[in-house]
Amino acid sequence: MSIVNVGIIMNGVTGRMGTNQHLIRSIVAIREQGGVACKNGVVIMPDPILVGRNEEKLKSLASKHNIARWSTNLDECLSDEHNIIYFDAQTTVRRAEAIRKAIKAGKHIYCEKPTAVGLEESLELATLAYKAGVKNGVVQDKLFLPGILKLKRLVDSGFFGKILAVRMEFGYWVFEGDWQQAQRPSWNYRKEDGGGIISDMFAHWRYVLDNLFGNVRAVSCIGATHIQKRVDEEDEIYTATAEDAAYATFELDGGIIVQANSSWAVRVNRDDLLTIQVDGTEGSAVAGLRDCKTQHRVNTPKPVWNPDIANPISFLDQWQEMPTNDVYDNGFKVQWELFLKHIVLDEEFPWDLLEGAKGTQLSDLGLESWKERRWVDVPELTIGGTLNGEKVKAAKS
């Protein structure tokens with residue numbers, strides 16, 4: 001057995017997502033399990049250095065989780081040859097500048113999404129990484145959720161027959177912050193700080209739809225700022241300048257129609273915070289974050305419209321739960337392990353910065369559709385074209 005220590009610069013892990021999902025439930029968990037054991041006898045051991053602007057937070061976080069290294073100086077971390085990966089979980093408006101620095105320093109890149117505030121910048125990062133020859137990846141965590149994995153198994157098995165339509169419901173009530181503390185940071189509701197549910201969630205919907213059902217070809221979207229005034233972390237009232245809800249329709253390859261509602265101003269009356277219903281000629285399924293239930297063609301009830309009598313069918317009882325035949329680990333951790341294998345063993349990792357740019361593209365086009373009140377086509381996205389006047393060879397399409 002040989003141990004490969006991998007230095008990882010972790011920038012922005014003092015935030016909620018960075019601390020809980022990427023640090024504690026991913027990197028710390030991997031270290032506590034003894035690293036990532038590979039088939040060839042290699043064990044990959046992550047060696048993180050926590051980077052941020054708040055010295056006290058960094059020091060406390062490092063001490064609590066037995067991490068020896070932390071710093072408030074990103075440039076020094078980038079100059080250390082031991083650190084071969086740069087990870088970014090900062091707010092979106094800060095991400096691109098730091099990733100550019102890391103690419104210039106020759107670091108492999110792994111980051112949260114959206115990768116940048118707009119398509120042009122996201123595509124620039126993908127192109128820079130390709131030109132520099134550094135490996136890169138983007139967090140696409142929902143692909144590794146148990147419910148989504150069960151749904152993918154149904155798609156791959158042909159359970160649905162011809163897929164006709166998909167209905168996605170996401171969201172929950174985010175408290176305004178006055179009489180009860182908000183459970184999301186205030187920057188989410190300020191457009192000038194990179195907030196807005198379209199830029200946040202459409203990056204997710206793009207990779208979920210592309211990977212499960214087919215490439216997104218067109219979008220129609222309307223957004224709304226339902227809650228106009230909120231209270232921030234300092235108990236100050238502020239005006240929400242970004243949308244807190246989006247109602248979209250997507251057209252996919254093969255004519256599949258997707259309706260996707262995303263809202264931070266909705267009270268939940270469904271099985272989970274995210275539910276995805278897929279209807280096909282041979283059967284249907286409804287997936288949540290962990291569970292998935294199905295209804296085959298032969299088990300479909302035959303309702304008849306008659307509002308004059310009580311409904312005789314208990315529709316919710318007509319679905320069958322899929323068994324949990326696998327052991328599912330934390331989705332963020334699973335993708336971290338795959339990325340570490342990609343870096344050390346050169347194993348396949350398809351979720352790169354170009355895939356991240358596709359998410360930003362869909363967000364931009366959703367905002368354009370809302371502004372212009374029309375359907376917008378989603379063109380093919382490639383690394384290539386012109387960057388700073390220089391022709392760049394396409395890496396993939």
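Name the strands (runs of 3 or more DSSP E) wholly inside region 212-308 in which the number of residues that are at pLDDT 95 or above and acidic (Asp, Glu) is 1 or more.
Details: elements: 216-224, 229-231, 237-239, 245-252, 257-263, 274-280, 283-287, 292-296.
Once the strands (runs of 3 or more DSSP E) in region 212-308 are filtered for at least 1 residues that are at pLDDT 95 or above and acidic (Asp, Glu), what remains is 245-252, 274-280.
Yes/no per residue for (1) closer than 30 Å to ALA203 by Cβ; (2) in contact (Cβ under 8 Å) with a residue 40 or more places away in the chain; (3) not in a helix (DSSP H, G or I):
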{"site": "ILE44", "(1), (2), (3)": "yes, yes, yes"}
{"site": "ASP47", "(1), (2), (3)": "yes, yes, yes"}
{"site": "LEU58", "(1), (2), (3)": "yes, yes, no"}
{"site": "TRP70", "(1), (2), (3)": "yes, no, yes"}
{"site": "ALA98", "(1), (2), (3)": "yes, yes, no"}
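Is at least one residue of region 14-28 at pLDDT 95 or above, part of a loop (DSSP other than H, G, I, E, B) and surrounded by 19 or more Cβ atoms within 10 Å (Cβ to Cβ)?
For region 14-28, residues at pLDDT 95 or above, part of a loop (DSSP other than H, G, I, E, B) and surrounded by 19 or more Cβ atoms within 10 Å (Cβ to Cβ): absent.
Based on this model, can you work out whether ALA62 counts as in contact with a strand residue (DSSP E or B) (Cβ under 7 Å, 6 or more places away or on another chain), over 21 Å from ASP141 (Cβ atoms) and surrounded by 19 or more Cβ atoms within 10 Å (Cβ to Cβ)?
Numbers: in contact with a strand residue (DSSP E or B) (Cβ under 7 Å, 6 or more places away or on another chain): yes; over 21 Å from ASP141 (Cβ atoms): yes; surrounded by 19 or more Cβ atoms within 10 Å (Cβ to Cβ): yes.
The answer is yes for ALA62.
Scanning region 114-149 for residues that are buried (at least 24 other Cβ atoms within 10 Å of the Cβ) and assigned to a loop (DSSP other than H, G, I, E, B), which turns out nearest to the chain's Cα centre (by Cα)?
VAL139
Identify all residues within region 29-42 that are assigned to a helix (DSSP H, G or I) and loosely packed, with under 15 Cβ neighbours inside 10 Å; write none if there are none.
Just the residues of region 29-42 that are assigned to a helix (DSSP H, G or I), to begin with: 29-32.
Within region 29-42, GLU32 is the sole residue that qualifies.
Only residues that are in a strand (DSSP E or B) and either under 18 Å from HIS204 (Cβ atoms) or in contact with a Phe, Trp or Tyr (Cβ under 7 Å, 6 or more places away or on another chain) (or both): list them for region 150-191, please. Explain how you work it out, then say what you get.
Filtering region 150-191 down to residues in a strand (DSSP E or B) leaves 163-171, 173.
Within region 150-191, ILE163, VAL166, ARG167, MET168, GLU169, PHE170, GLY171 qualify.
How about region 115-164: which of its residues are in contact with a strand residue (DSSP E or B) (Cβ under 8 Å, 6 or more places away or on another chain), within 20 Å of MET10 (Cβ to Cβ) and not aliphatic (A, V, I, L, M)?
Those that are in contact with a strand residue (DSSP E or B) (Cβ under 8 Å, 6 or more places away or on another chain), within 20 Å of MET10 (Cβ to Cβ) and not aliphatic (A, V, I, L, M): THR115, LYS135, ASN136, GLY137.
To keep it simple, each residue is scored yes or no on (1) touching a Phe, Trp or Tyr at 6+ places or on another chain (Cβ under 7 Å); (2) surrounded by 15 or more Cβ atoms within 10 Å (Cβ to Cβ); (3) closer than 30 Å to THR225 by Cβ.
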position	(1), (2), (3)
PHE349	yes, yes, no
ASP352	no, yes, no
GLU355	yes, yes, yes
LEU365	no, yes, yes
GLU368	no, no, yes
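Between residues in region 329-351 that are farther than 18 Å from ASN5 by Cβ and residues that are small (Gly, Ala, Ser) and part of a helix (DSSP H, G or I), which pairs lie under 9 Å by C-beta distance while being six or more apart or on different chains?
ASP329/ALA29; ASN330/SER26; ASN330/ALA29; PHE332/SER26; LYS333/SER26; LYS333/ALA29; VAL334/SER26; GLN335/SER26
Please state which of the following conditions LEU316 fails to meet, knowing it meets all the rest: (1) surrounded by fewer than 17 Cβ atoms within 10 Å (Cβ to Cβ); (2) outside any loop (DSSP other than H, G, I, E, B); (3) under 24 Å from the mean Cα position of the chain (by Cα).
(3)
The values are calculated or read from the model by the stated rules, or taken from the named source; none is laboratory data. From a predicted model like this one, the values you see are computed outputs, not experimental measurements. All Cβ positions, even for glycine, are placed from backbone atoms using ideal geometry, and neighbour counts span all protein chains on display.
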